[in-house]
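Some notes on the structure that comes next.
The values are calculated or read from the model by the stated rules, or taken from the named source; none is laboratory data. This is a predicted model, so every value here is computed, not measured. We place every Cβ from the backbone using ideal geometry, glycine too, and count neighbours over all the protein chains shown.
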Amino acid sequence: MTRLIIVSNRVSPPTGDGKANQGGLAVALASALRATGGIWFGWSGNETDEFTGQINISKTHGVTTATIDLEAQDVEEYYNGFANRTLWPLFHDRIDLAEFERGFAGGYERVNARFADTLMPLIAPDDLVWVHDYHLIPLGSELRQRGVRNRTGFFLHTPWPVMRLLLSLPSHRQLVEALFDYDLIGFQCQAWLDSFMEYVVSEFQGVDVDELGTIRIGDRVTRVIACPIGIDTQDFMASAASEEAESARLEMLASLHDRCLIIGVDRLDYSKGLEQRFHGYERLLLDQPEFQEEVSLLQIAPPSRAEVVSYQDIRKQLDALSGHINGEFATVHWVPLRYVNRGYDRTSLAGMFRASRVGLVTPLRDGMNLVAKEYVAAQDPEDPGVLILSKFAGAAEQMTEALLVNPYSPEELSDALAQALRMPLEERRQRHRALLKSVEREDVHWWLRTFLDALEQDRTEPEQDGAD
Ligand code: ADP
Ligand code: F6P
């Protein structure tokens, strides 16, 4: 089996306590690495006074990780800067929040070059190299410039923006050209792939594109696929049915006093539509007062990227809005909105999902959204909750049996909430059965196989050494 090298901004080695507390992606990548004897390479999360390129290699539960420390300036310009203040807002249609500073772009290039310099000696001739996410788009190109000729794939976990937004990025062409140095580019869904292709066809003269997604430009050949990421469905279902999850579920139910639970679980990120979600809930309580004291919204939102001002702002807005909603509607016996800024272990989350009548997953834009899939996997098939899902999440392409909503509209959110809360058991079961089918079929193992099979098949002709 070909050895796999995974590269991502963060490295998430397996933990000692088995799978329950780790994300499905980390678990699946770890098992692929274990099977191939591969390496997971990335930033340690630590800062150093001066970049040395020293690699810290360790082996945890059969998985070898190789990490590097970055300078404070690197972290500021590359991670907080270009990744999270330029690309993230731009890729999530928030051009109003995108900052186009040359310093950020310079830091992004520098860190990608540093990744390439330190990673290069670890790559053996037959290794498959798989680079993840928007932090590392130029890495493939940096590796090619250093003579790496291995099959190299890239997967984007975020959306790809529509062309008219992408054009506002000063270095848009350079960014996309760098992608042509990968043999395979994976997108979460067809919509993001289509946006990418629209840009490619319109911006590059003489590009040749076929119906299989092969792009030929000059002497470079790459292929694009839509390959939606999944969760470790069997594992999540087992967690949700475990004794530990059952006690979390019972504890939650006891606290509800027979009220219906609506649940949301998201990183505290402006792309998740939390403000709009709270307004939709407020509208439900205003327009359909019969739900007052009958429902409770639990929003779990652990802080994320706290050094970035737009994340500090959204946190302040949500603090104020949650206070406003509770002030407006709460009684001495009822808190309508439980807003919690902390993370929970996955088994407790699964139990809480199972205790709920409605799962509210309403990002304004999202590459995929794994919470939607976890919500479905956690349900009791005999008495399942209803998923309300944003049309603008990548997951909406697969999860068509959810109640699909426009997350910007408080009225649509309120109507969907009322529909979900009143939905007859048989309809809940039918929708759940259909959703679970696709969540089981296209799980994280399917995703991994599909992408890696395509990468292995799509060998491109080796280029000349020193090309580019
Ligand atoms: P993103 O990658 O943008 O954060 P996803 O929905 O695709 O969004 O993935 C989020 C992952 O993080 C899911 O696996 C989810 O269960 C997990 N998660 C989100 N919030 C919490 C929380 N409060 N506690 C524990 N895990 C969380
Ligand atoms: O899904 C997008 C993503 O950026 C992942 O790459 C990342 O692991 C996750 O969101 C959390 O973001 P961060 O690593 O910036 O905390």
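Overview of results
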read-out: Residue match in the stretch 204-218 (condition: modelled with pLDDT of 95 or more, in a helix (DSSP H, G or I) and not charged (D, E, K, R)); value: no
read-out: Test: residue in the stretch 228-235 that is touching a Ser or Thr at 6+ places or on another chain (Cβ under 7 Å), buried (at least 23 other Cβ atoms within 10 Å of the Cβ) and within 30 Å of Tyr344 (Cβ to Cβ); value: no
read-out: Filtered residues of the stretch 321-351 (kept if surrounded by fewer than 15 Cβ atoms within 10 Å (Cβ to Cβ) and either farther than 21 Å from Val265 by Cβ or of a type in the set (Phe, Trp, Tyr) (or both)); value: His324, Gly327, Glu328, Ala330, Thr331, Val332, His333
read-out: Members of the stretch 45-75 that are among the charged types (D, E, K, R) and crowded, with 17+ Cβ neighbours inside 10 Å; value: Asp69, Glu71, Asp74
read-out: Within the stretch 311-348, tally of residues that are under 20 Å from Leu250 (Cβ atoms), away from ligand 2 (no atom under 16 Å from the Cβ) and in contact with a helix residue (DSSP H, G or I) (Cβ under 7 Å, 6 or more places away or on another chain); value: 3
read-out: Selected residue [among the polar types (S, T, N, Q), surrounded by fewer than 21 Cβ atoms within 10 Å (Cβ to Cβ) and within 21 Å of the chain's Cα centre (by Cα)] from Gln145, Gln190; value: Gln190
read-out: Counted residues, the stretch 346-394 - those being within 13 Å of ligand 1 (Cβ to nearest atom) and either assigned to a helix (DSSP H, G or I) or within 16 Å of Ala245 (Cα to Cα) (or both); value: 18
read-out: Filtered residues of the stretch 195-213 (kept if in contact with a Lys or Arg (Cβ under 6 Å, 6 or more places away or on another chain) and either of a type in the set (A, V, I, L, M, F, W, C) or surrounded by fewer than 15 Cβ atoms within 10 Å (Cβ to Cβ) (or both)); value: Asp208
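For every residue, the table says whether it meets (1) at pLDDT below 95; (2) more than 16 Å from ligand 1 (Cβ to nearest atom); (3) more than 21 Å from the chain's Cα centre (by Cα).
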| position | (1), (2), (3) |
| --- | --- |
| Asp17 | yes, no, yes |
| Leu29 | yes, no, no |
| Ile39 | no, yes, yes |
| Thr67 | no, yes, yes |
| Gln73 | no, yes, yes |
